[in-house]
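Report on the following structure.
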Amino acid sequence: MKTLAATACLTALALPALADPLPGMRGVNHIGLTVPDLDQAEGFFTEVLGCERAMAFGPFRDDEGTFMQDLLAVDPRAVVNQIRMLRCGFGSNIELFSYDAPDQAVIEQRNSDIGAYHIAFYVDDIDAAAAYLRDAGIQTNMGPLPVSDGPAAGQSILYFSAPWGLQFEAISFPEGMAYENQGGPILWSNTAPSE
């Protein structure tokens, strides 16, 4: 009896906890980035990557109260100088922030750092994208790297960096990936956004 209870307990621990979904959740609307130079960042996203500016607004500040701390969990004297919203093809929007804050830190992250992130853009032709980035003088890492084994087989990837150091990835899987044949959920795709 103890063995059965222990087995049931271990089995329960191995299963992922399924939570109720966020009511009305439809998907990722935007990715917000605080950048060191708003014009440089917008130029990179629009002139190099092909995004378009949809709107700009700001500044936001509270010189006496705690509005900024209460709303955004930042220093009460932080100032959002401007926010620019960009549309990037058939994917998530990008929100660029220009901030000033008394306790502002400059973070130079690597993918291996806890809390690090990168943004991946789907491209139809990874080799053409790699050539384009290199011709534009954008720093690229090794690749494109085709993945030929495991559940991600079928994709090719190339990491590259913005002028201020943020890492990006170009990814392509025009014939799909191996895991798609195993059943279960399929990752959202820029090429078939409604599926």
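Here, each number is a calculation from the coordinates, and none is a lab measurement. Small disclaimer: the values here were computed from a predicted structure and weren't measured. In this analysis, Cβ positions are derived from the backbone assuming ideal geometry, glycine residues included, and neighbour counts consider all displayed protein chains.
Could you tell me how far the Cα centroid of segment 68-134 sits from the Cα centroid of segment 161-195, in Å? Result: 19 Å between the Cα centres.
For the chain, which span is the longest to avoid every loop-located (per DSSP) member of trypsin sites (Lys or Arg not before Pro) having at most 13 other Cβ atoms inside 10 Å?
On the way: sites that count: R26, R110.
Segment 111-195 is the longest.
Using r as the Cβ-Cβ distance of D113 and S194, and R0 as 41 Å, what FRET efficiency do you calculate, to the nearest 0.05?
On the way: r = 35 Å, r/R0 = 0.86.
That gives a FRET efficiency of 0.70.
Going out from 0 in 10 Å bins, what whole percent of all Cα-Cα distances in the chain drops into each bin? Bin by bin from 0 Å, the calculated values are 7, 25, 30, 21, 12, 4, 1. Dipole magnitude for the chain: about 520 debye, using +1 per Lys or Arg Cβ and -1 per Asp or Glu Cβ, origin at the Cα centre. Since only V147, L96, F44 are under comparison, the one whose Cα sits farthest along the positive direction of the charge dipole of the chain, derived from C-beta charges on Lys, Arg, Asp and Glu, is V147.
Residues of segment 83-107 with an amide N closer than 16 Å to a point placed 7 Å from the Cα of Q69 along the Cα-to-Cβ direction: 101-104. Spherically averaged projected area of the convex hull of Cα atoms, segment 127-195: 5.6 nm².
Roughly speaking, what is the stretch gain from D20 to N93, that is 0.36 nm per residue apart minus the C-alpha to C-alpha distance, in nm to one decimal? List each step's numbers first, then the result.
On the way: separation 73, 0.36 × 73 = 26.28 nm, distance 2.56 nm.
Using 0.36 nm per residue and subtracting the Cα-Cα distance, I get 23.7 nm.
Rounded to the nearest 500, the helix-only mean residue ellipticity at 222 nm of the chain stands at -5000 deg cm²/dmol, with each DSSP H run of n ≥ 4 adding -39,500 (n - 2.57). Spin-label pair Q104-A128: with each label point 7 Å from Cα along the Cα-Cβ axis, the two points sit 3.9 nm from one another.
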